[in-house]
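Everything on this sheet refers to the single structure shown next.
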Amino acid sequence: MKTESRLEKVLEKGEFAVTSECGPPRGADPDLIRKKGELLKGVVDAVNVTDCQTSVVRMSSLSCCLILKEMGFDPIVQMVTRDRNRIAIQSDILGAAALGINNILCLSGDHQRFGDHPQAKNVYDIDSIQLIMTVKQMRDEGKFLSGEELTKVPRLFIGAAANPFADPFEIRALRLAKKVAAGAQFIQTQCIYNLKRFEEWMHRVVDMGLHEKVCILAGVTPMKSVGMARYMKNMVPGMDVPDEIIERLKGVPKEKQGEEGIKICIETIQRLREMEGVRGVHIMAIEWEEKVREIAEGAGLLPRPRI
Amino acid sequence: MIVAQAKPIEEILEMIDKYDKILLVGCKGCVAVCAAGGEKEVQFLASAIRTARKTQGREIEIREVTLERQCDPEYVEQIRGFAGDYQAILSIACGVGVQFMAEHYREIPALPGLNTSFMGGALEQGVWSERCQGCGNCVLHLTGGICPITRCSKSLLNGPCGGSSNGKCEVDPEVDCGWQLIIERLKALGEFESRFMEIVPIKDWSTSRDGGPRKIVREDMRQ
Ligand code: SF4
Ligand code: SF4
């Protein structure tokens, strides 16, 4: 089923897509999300809104999506299975569609252990692949998980995440295949710093013909400093930061490291663009949204196509 | 077995603070095997309480008993003759034992001396690890004999999340990634190809705790 998603249309036209993300505020101020939105105007085809990322409480993804929608964006609501059981999930899927949200990213979510409420009980009633199936069933069969019919189907473009750098490496392309079989239509990957390993994963994906069944958007995050690079390398599970990135950042004076990080990011995008099967880029400038325009500009991704 | 751990002595002392005559009841079942609530631990705890009370200048009378099992009415009833002589029962069985005490001796408070933790087994002397969450619908035949519900921190049923790194779980570098273990085992069994790609449907949790307190009735065994 075709949706109203601008992202879907851009991809359908064969354009190289650009998405970015907004992290919601730690408070009830809608202007904070509007400010982030302003920085992304005209730069992206769609914008993700994270769902209590790293298990830290923030404004709900769906509410922020609506705020961004009112600003003219095509938001991607992120939904994790950590905090919601199948009842809440299906309810939120209907709510998102009713509010005119066209895209959903299905995730299991970071475990609450590292968030601001490690004492919380988690849910994990279903996993990310089962969430993809849930959205697909509701949309394509018009049925709840119970099998009962729903009155109006939620027309959502279904996305999922992939981490080519997590272990065991040899099953990572297979896991993508599972997500595709479950109904994922677009994929946003973990931030890519190790291009060699990503390329290896991409080869497997292409060999399996998955790139023809799903649109893969390669994830990038600019490094602000060598400190951030070290942190990502050592502290974030499933993140692969090669030493050469750290060396390169170390090689420039402190005040120039951010600039260098942007340069690395732009070069990475240019390399990714050349790779078979990569259909777009997902720029995650964590609390650095003001740089997304510069990165997209530098990588020759602007202006975005009119749909 | 059910694996439990002693509560901190301070917590126990606070719990029994207002009593000067208690019945300390251990269990020879699981908690004896995991060295938390057997005969030895009863003696040990009793003497720790006595010493602490002595320093406070308030003596306490403790009767020490260790039952065959505290989860079985037949044994729980063995203290019927004298339980009433005490102000409280301090049980160092698992949570089941404490509750059986409470159910059988309604006028006497039953206090927990242990924190009951999980169903698991001993990996080596002094190390126990969780293996089962009693979901009520076992899938071990599909996952190489390794439980995804228990051993994956997110109870994922369709493969590892993106946080699996060097065989360890994103939650704790000391914890093995359950899915890494499952994959290795499926490969060793030659079942990886056939099992991994199959999408495991959404689980019916109604057989688990989510369905409410559970009960098994075996008509064939009832008298
Ligand atoms: S699948 Fe269920 S019953 Fe089997 S080991 Fe895991 S939790 Fe226990
Ligand atoms: S790292 Fe492994 S065990 Fe931990 S949550 Fe992810 S899949 Fe489960």
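A full extension of the chain between B:Val175 and B:Asp220 corresponds to an added length of 12.0 nm, given 0.36 nm per residue minus the alpha carbon distance. Per-residue Cβ neighbour counts within 10 Å put B:Ser165, A:Ser91 in the sequence A:Ser91, B:Ser165, beginning with the fewest.
Geometric descriptor of the protein assembly as shown, per residue, is 205 Å³ (volume of the convex hull of the Cα atoms). Relative contact order of segment B:2-118, taken over Cα pairs closer than 8 Å and 6 or more residues apart, is 36 percent. If you take the Cα centroid of segment A:119-141 and the Cα centroid of segment B:32-69, the two points sit 49 Å apart.
Relative to the longest principal axis of the Cα atoms of chain A, the long axis of helix A:30-40 makes an angle of roughly 60 degrees. Here the spin labels are modelled as points 7 Å beyond Cα on the Cα-Cβ line, and at B:Lys21 and A:Asp140 they lie 7.3 nm apart. The length gained on full extension between A:Glu148 and A:Met235, counted as 0.36 nm times the residue separation minus their Cα-Cα distance, comes to 26.9 nm.
What you get for chain B, charging only the Cβ of Lys and Arg (+1) and of Asp and Glu (-1), is a dipole of about 120 debye around the Cα centre.
Peptide A:110-117 has a mean shielding of 3, counted as Cβ atoms of other protein chains within 10 Å of each residue's Cβ. For segment B:70-110, the list of GluC sites (Glu not before Pro) that fall in a loop by DSSP and count at most 16 other C-beta atoms within 10 angstrom reads B:Glu107. Diffusion coefficient of segment B:1-108 by Stokes-Einstein, Kirkwood radius over Cα pairs, 20 °C, 1.002 mPa s: 155 µm²/s. Extending 7 Å from the Cα toward the beta-carbon at both B:Glu124 and A:Arg26 defines two label points whose distance is 4.1 nm. Projecting the Cα atoms of A:Pro253, B:Leu45, A:Ser108 onto the charge dipole of the protein assembly as shown, computed from C-beta unit charges around the Cα centre, puts A:Pro253 farthest toward the positive end. Think of segment A:24-147 as a dipole: +1 on every Lys or Arg Cβ, -1 on every Asp or Glu Cβ, centred on the Cα centre; then among A:Pro118, A:Ile33, A:Leu131, A:Pro118 lies furthest on the positive end. Its Cα gyration tensor gives segment A:6-298 an equivalent ellipsoid; the semi-axes, largest first and in whole Å, are 29, 22, 19.
For segment B:155-191 versus segment B:116-130, the spacing of their alpha-carbon centroids is 20 Å. Positive-end ranking of B:Ala188, A:Ser146, A:Ile187 along the dipole of the protein assembly as shown, with charges on Cβ about the Cα centre, is headed by A:Ile187. Where both bridge residues fall in segment A:6-298, DSSP classifies roughly 5% of the beta bridges as antiparallel. Here the dipole of segment B:2-118 is about 220 debye; that uses its Cα centre as origin and unit charges on the Cβ of Lys and Arg (positive) and Asp and Glu (negative).
Helix A:61-70 and the longest principal axis of the C-alpha atoms of chain A enclose an angle of approximately 80°. Length gained on full extension, A:Lys254 to A:Lys213, computed as 0.36 nm times the residue gap minus the Cα-Cα distance: 10.4 nm.
Using Cα springs under 10 Å in a Gaussian network model of chain B, which residue among B:Gly26, B:Gly95, B:Gly126 shows the largest mean-square fluctuation? The residue with the greatest mean-square fluctuation here is B:Gly126. Sorted ascending by nearby beta carbons within 10 Å, beginning with the fewest, B:Val25, A:Val214, B:Val96 become B:Val96, A:Val214, B:Val25. Counted without the sites themselves, the longest stretch of chain A free of GluC sites (Glu not before Pro) in a DSSP loop having at most 16 other beta carbon atoms within 10 Å is A:16-147. Each Cα pair under 8 Å and six or more residues apart adds its sequence gap; the mean of these over the residue count of chain A is a relative contact order of 20 percent. Magnitude of the charge dipole for chain A, about its Cα centre and with charges confined to Cβ atoms of Lys, Arg (+1) and Asp, Glu (-1), is about 160 debye.
Sorted fewest first by neighbouring Cβ atoms within 10 angstrom, A:His111, B:His104, A:His282 come out as B:His104, A:His111, A:His282. For chain A, the longest principal axis of the alpha carbon atoms and the long axis of helix A:226-235 meet at an angle near 50°.
Taking all Cα pairs closer than 8 Å and separated by 6 or more residues, the relative contact order of segment A:244-307 comes to 27 percent.
Only the coordinates and a few stated rules stand behind these numbers; no lab work does. Not measured: the values here are computed from a predicted model. For neighbour counting, all protein chains shown are included, and Cβ atoms are generated from backbone atoms with ideal geometry for every residue, glycine included.
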